[in-house]
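So the structure is just underneath, and the comments pick up after that.
Every read-out reported here was derived from the displayed coordinates using simple, explicitly stated rules and does not represent laboratory data. Not measured: the values here are computed from a predicted model. Here the Cβ positions follow ideal geometry from the backbone for every residue, glycine too, while neighbour counts run over all protein chains shown.
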Amino acid sequence: MRSRKNLTIYCMVLLTITSTCPANAWDGHFEFAWMDRIIDKMHKAGIKVIFGTPMYAIPAWLGVKHPEIFVERVDGSKSSFGSRQNFNLTNAAYLFYSERIIRKMMEHYAKHPAIIGYKVDKPNPYNHFTKNKISK
């Protein structure tokens, strides 16, 4: 029988920001204090964190600044702000702003002892219902 003192229990959570809005409320402004408090509490409790990146839903300012970012559906209508994964994953503006917020997050959290990994969002399974072509 195995001794209980040799038993190690790992506690981990996947912490995902589904929108950039709190972290990137307007263009060029990055605010992480609210998330710092959550991650610090996880660390204090001995919980490891896998941190999800936040481009699952774009901030309102990005849709206003780059309306071309929204997908065009097969019926010709355009998606709009307010739903998740409503953007063209290959759009140059989407790629630029996604990389920017992810790099800012990595710079801010790279050395945090609670974070053991990152989850990068998977492609939108509904993009095949759109007319979007790969952007150059």
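Rounded if a/c is under 1.5, else prolate if a/b beats b/c, else oblate: with a ≥ b ≥ c from the C-alpha gyration tensor eigenvalues square-rooted, which is segment 51-108?
Values: a/c = 2.30, a/b = 2.11, b/c = 1.09.
Here segment 51-108 falls in the prolate category.
Arrange the following residues from fewest to most other Cβ atoms within 10 Å of their Cβ: 53, 90.
90, 53
Got a sec to turn the phi values of segment 72-83 into Karplus ³J(HN,Hα) couplings, 6.51 cos²θ - 1.76 cosθ + 1.60 with θ = phi - 60°, whole Hz, x for Gly and Pro?
Karplus values, whole Hz, x for Gly and Pro: 9, 6, 4, 7, x, 6, 9, 6, 9, 5, x, 10.
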